[in-house]
1. Could you tell me what percent of the accessible area of region 1-81 is made up of carbon and sulfur, with a 1.4 Å probe and every protein chain present?
2. Just to confirm, what accessible area per residue do you get for the chain at 1.4 Å probe, in whole Å²?
3. Just read off the accessible area of Arg37 with the full protein assembly in place, 1.4 Å probe, to the nearest 10 Å².
4. Could you list the trypsin sites (Lys or Arg not before Pro) in region 50-122 that lie in coil according to DSSP, counting only those with at most 15 other Cβ atoms within 10 Å of their Cβ?
5. Could you pull out the GluC sites (Glu not before Pro) across region 28-135 that fall in loop regions by DSSP (anything but H, G, I, E, B) with no more than 15 other Cβ atoms inside 10 Å?
6. Cα convex hull of region 1-100: how many Å³ per residue?
7. With each run of n ≥ 4 DSSP H residues scored as -39500 (n - 2.57), what mean residue ellipticity at 222 nm is computed for the chain after dividing by its residue count and rounding to the nearest 500 deg cm²/dmol?
8. Which shape class applies to region 48-148: rounded if a/c is under 1.5, otherwise prolate when a/b exceeds b/c and oblate if not, where a ≥ b ≥ c are the square roots of the Cα gyration tensor eigenvalues?
Amino acid sequence: MIPDEIDRVLLRELQRDGRASYTALAEATGLSAPAVRQRVQRLRDEGVVQIVGVTDPMALGLPVMALIGVRVDSDVHEVADRISELPGVIYVVLTAGSFDLFAEVVCREPAELLAVLNDHVKRVPGVTRAEAFTYFGIHTHRFAWPGV
């Protein structure tokens, strides 16, 4: 599904404020509120957009964050599935380059990060190397995508 211009307006408005009312979205698009509701539901059903609450890990008592680069010598999808289930892992992406996948982890304390890395990630069958890149802070975090 390729979004048309009205879909793009809806996506831009929802990226700006995911709690925008259908009435406000209708004003931005020139459609009726029921038509907007239908379009937003279609975008959700087709997996184009998810409307979620975004949290700040530090505000939730999870001040230790890291990106873990992982090299594997087996099926990267199977390893990614296993790592996705580990405690503290909030996302996993498959990559090209010197690492086969990256996992982002949030923890309460450094010892917890060490446990995730040493006791869990490194013990997943197929993992040959795992390297943690600890965050000192988040510089930029965008939710609006260019071109939408």
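The values are calculated or read from the model by the stated rules, or taken from the named source; none is laboratory data. These figures come from a predicted structure and were not determined experimentally. FYI the Cβ positions are ideal-geometry reconstructions off the backbone, even for glycines, and counts take in every protein chain you see. We work out accessible area using only protein heavy atoms, side chains counted, and drop any ligands, DNA or RNA first. Shrake-Rupley method; radii C 1.70, N 1.55, O 1.52, S 1.80 Å.
1. Working: 2510 of 5000 Å².
Result for region 1-81: 50 percent of the exposed heavy-atom area is carbon or sulfur.
2. Numbers: 9550 Å² over 148 residues.
Averaged over the residues of the chain, the accessible area is 64 Å².
3. 110
4. Values: sites: Arg71, Arg82, Arg108, Lys122; in loops: Arg108.
Here the sparse-neighbourhood loop sites are Arg108.
5. Working: sites: Glu46, Glu78, Glu85, Glu104, Glu112, Glu131; in loops: Glu46, Glu85.
The qualifying sites are Glu46, Glu85.
6. Values: hull volume 15.2 nm³, N = 100.
So the per-residue hull volume is 152 Å³.
7. Working: 5 runs with 47 residues, N = 148.
Using -39500 (n - 2.57) per qualifying helix, the result is -9000 deg cm²/dmol.
8. On the way: a/c = 1.91, a/b = 1.24, b/c = 1.54.
Oblate is the answer for region 48-148, as a/c is 1.5 or above yet b/c matches or exceeds a/b.
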